[in-house]
1. Take the conditions modelled with pLDDT of 95 or more and over 30 Å from residue A:21 (Cβ atoms) and apply them to residue B:153. Does it pass?
2. When you scan region A:31-87, how many residues do you find that are under 16 Å from the mean Cα position of the chain (by Cα), in a loop (DSSP other than H, G, I, E, B), more than 7 Å from chain B (Cβ to nearest Cβ) and surrounded by fewer than 23 Cβ atoms within 10 Å (Cβ to Cβ)?
3. Could you tell me whether region A:94-103 includes any residue that is surrounded by 19 or more Cβ atoms within 10 Å (Cβ to Cβ) and either outside any loop (DSSP other than H, G, I, E, B) or modelled with pLDDT of 95 or more (or both)?
4. Here are some conditions: (1) within 10 Å of another protein chain (Cβ to nearest Cβ); (2) farther than 23 Å from residue A:43 by Cβ; (3) in contact with a helix residue (DSSP H, G or I) (Cβ under 7 Å, 6 or more places away or on another chain). Residue B:61 meets all but one. Which one does it not meet?
5. Just checking, how many residues over region B:89-115 are more than 11 Å from every other protein chain (Cβ to nearest Cβ) and either surrounded by fewer than 18 Cβ atoms within 10 Å (Cβ to Cβ) or not in a helix (DSSP H, G or I) (or both)?
6. For residue B:86, which of the numbered conditions (1) facing another protein chain (nearest Cβ under 10 Å); (2) in contact (Cβ under 8 Å) with a residue 40 or more places away in the chain; (3) more than 29 Å from residue A:85 (Cβ to Cβ) fails to hold?
7. At the interface with chain A (Cβ under 9 Å from one of its Cβ atoms) and surrounded by fewer than 18 Cβ atoms within 10 Å (Cβ to Cβ), is that true of residue B:55?
8. Scan A:42, A:51, A:77 and give me the residue that is in contact (Cβ under 8 Å) with a residue 40 or more places away in the chain, out of contact with any strand residue (DSSP E or B) (no Cβ under 7 Å at 6 or more places or on another chain) and closer than 30 Å to residue B:104 by Cα.
């Protein structure tokens, strides 16, 4: 059984928009489909990690990367809707500018029967200089494999 | 030669608790996550106090991987920061009552952070402790372990590298 790509994107969107922690961080799904997801998150004073600079805490950026990576996996044509993070590494290139929205783009670039490999990048308004990059491995439930999501 | 009488225990505790409170109070994201810290001497145990907003998979339900990553990173940075202030506070060079977000030393900056998700996080409190495996003047390497019901049954662990603030200002 295969799911139509548009249905898959719709299911993934509903699932992601229902995640409590992503809602608490006010994440917004910008784009999804074919193993690629783009999700953004507004700056908020509740997310600040640096008492003097107003810079968002790395942990909030990790949460954005993790959500975006999971969404990319769920939108892959050969994966079912469910996934969980196995590991995630984030490299912090620079502090995100205070007050600016952060946008992450994740791509599921390889899928085996059990594992999805993902890379992701995050930017603030300056699209030439990434704020952070990430690589991760996620669990996979294959479409048509008869498993549960 | 007469020995100085030992400091009253309440004075020692107050000094250390105020230092910790000043650090925790300076970081809004710690409050957003609902993380608090238990202290025994210089040993810190971070507590992620359960809240429904921390859920990532409502069907299971399980804690969000991003909430777990945030919890571990907060724990690592607090361990490094508390260690960094310890000597100055204990030897009287820094008065914890005068520590405000404006006067605190700069906090360590994360260079990279890798989280292993070993089991799904259950919808209840979680605990974490960080160990500084290497601390130089500029770089530090920290490992963090997190558990819920059983200390020996970790549900997540992480390793991170941090850039330490320069000591000259």
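1. It is false that residue B:153 is modelled with pLDDT of 95 or more and over 30 Å from residue A:21 (Cβ atoms).
2. 5
3. Within region A:94-103 (the criterion being surrounded by 19 or more Cβ atoms within 10 Å (Cβ to Cβ) and either outside any loop (DSSP other than H, G, I, E, B) or modelled with pLDDT of 95 or more (or both)), the answer is yes, since at least one residue qualifies.
4. Here residue B:61 meets the rest and fails (3).
5. At the first step, the residues of region B:89-115 found to be more than 11 Å from every other protein chain (Cβ to nearest Cβ) are B:89-98.
Now restrict to residues that are either surrounded by fewer than 18 Cβ atoms within 10 Å (Cβ to Cβ) or not in a helix (DSSP H, G or I) (or both): B:90-95, B:97-98.
Residues meeting the conditions: 8.
6. Just one mismatch for residue B:86, condition (1).
7. It is false that residue B:55 is at the interface with chain A (Cβ under 9 Å from one of its Cβ atoms) and surrounded by fewer than 18 Cβ atoms within 10 Å (Cβ to Cβ).
8. A:42
The values are calculated or read from the model by the stated rules, or taken from the named source; none is laboratory data. These numbers come from a predicted model, not from an experiment. Methodologically, a virtual Cβ is constructed for each residue, glycine included, from the backbone with ideal geometry; neighbour enumeration extends over all protein chains shown.
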